[in-house]
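Structure, as C-alpha cells:
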C-alpha cells in the first residue's frame, strides 16, 4: 500500500483504534504500523519494563559507593531496589 496516497485521509474515516494511534504518533506512522502489523496481536510492555535493563546499567555505572538514596530518587525506585540491582551485578 502506498501510504502517500492516504496523507489527506480524514482521521474520522479510520476505526477508533487507529484514531488513538494517530493521536500519539501521527497519521503517516499509524498507517505504517497498520501496514506492518495489521491483523496481528501486538503486545507492548510498559515503557518502564522495556527500559529496565538500560536503567539498571545506568544505576551500576553511576553508583559511587555512597549514593544509593540519590539514585533511588533519580530513578524513582526504593533504595532497597537499588541495592538489589547492585547485588545482582556482583553475582554475575
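The values are calculated or read from the model by the stated rules, or taken from the named source; none is laboratory data. Since the structure is predicted, the reported quantities are computational estimates derived from the model, not experimental observations. Every residue, glycine as well, gets a Cβ built from its backbone with ideal geometry; the counts of neighbours run over all protein chains shown.
List of remarks:
- When the residues of region 57-87 are filtered to those that are in contact (Cβ under 8 Å) with a residue 24 or more places away in the chain and farther than 19 Å from residue 47 by Cα, the one that is farthest from the chain's Cα centre (by Cα) is 86.
- Region 63-92, residues that are more than 19 Å from residue 48 (Cα to Cα), loosely packed, with under 14 Cβ neighbours inside 10 Å, in contact with a helix residue (DSSP H, G or I) (Cβ under 8 Å, 6 or more places away or on another chain) and modelled with pLDDT of 95 or more: 69
- Filtered residue count, region 33-54, keeping only those that are farther than 21 Å from residue 23 by Cα and either surrounded by 14 or more Cβ atoms within 10 Å (Cβ to Cβ) or out of contact with any helix residue (DSSP H, G or I) (no Cβ under 9 Å at 6 or more places or on another chain) (or both): 6
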